[in-house]
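Read through the structure below, which is laid out as structure tokens, and then see the notes.
No lab work stands behind these numbers, since they all come straight from the coordinates. Here the structure is a predicted model, which is why all the values come from computation and not from measurement. Backbone-built Cβ (ideal geometry, glycine too); neighbour counts: all protein chains shown.
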Amino acid sequence: MEPKSVEEYMERIRVLDALEQQSMGLSRMLTTYTDRLQSRLEQRVSIEEASEAVVLRSIKNLESVVTASVRQKHALIKKCHILNNEMHGVQDVATKIQEIQQLLDVMEYSTRKG
């Protein structure tokens, strides 16, 4: 009986040793996978932060472009009002010139007739 129990004892030690080796291998594998996962997650976070920064910069740039465009349009509207007011005087002069031209035409016609 004793050789059988020593033999059984040795077999159990081998099984336990094999299990220990497997668990150490699995532990290393799990550590490797965890490290890879953490690294990839950190890369993703980094990419997302960079993307967010790009989007925010784009929004700020777009906002400044739109603001500048609105200012330019307001300035253009103001200039159009000024030109419109100045055109009243030009239109008055044009009307007077047209009246003078008509008078000159009438005078020329009457001198040719007469």
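Counting each pair of different Cα atoms once, what's the Kirkwood radius of the range 65-109 in Å, rounded to one decimal?
13.2 Å is the Kirkwood radius here.
Sum -39500 (n - 2.57) across every DSSP H segment of at least 4 residues in the chain, then divide by the residue count to get the 222 nm mean residue ellipticity, nearest 500.
Rounded to the nearest 500, it is -38000 deg cm²/dmol.
Tell me the volume per residue, in Å³, of the convex hull enclosing the alpha carbons of the chain.
Cα convex hull per residue, to the nearest whole number: 134 Å³.
At 0.36 nm per residue, minus the direct Cα-Cα distance, what do GLN91 and ASN61 gain on full extension? Give it in nm, one decimal, please.
Extending this stretch completely gives an extra 6.4 nm.
In nm, give the distance between the simple-model label positions of SER110 and GLU11, each being 7 Å from the Cα along the Cα-to-Cβ direction.
14.5 nm
Could you state the angle between the C-alpha long axis of helix 2-113 and the longest principal axis of the C-alpha atoms of the chain, as a value from 0 to 90 degrees rounded to the nearest 10?
0 degrees
Please compute the modelled spin-label separation between CYS80 and VAL45, points set 7 Å along Cα→Cβ, answer in nm with one decimal.
Here the modelled spin labels are 5.3 nm apart.
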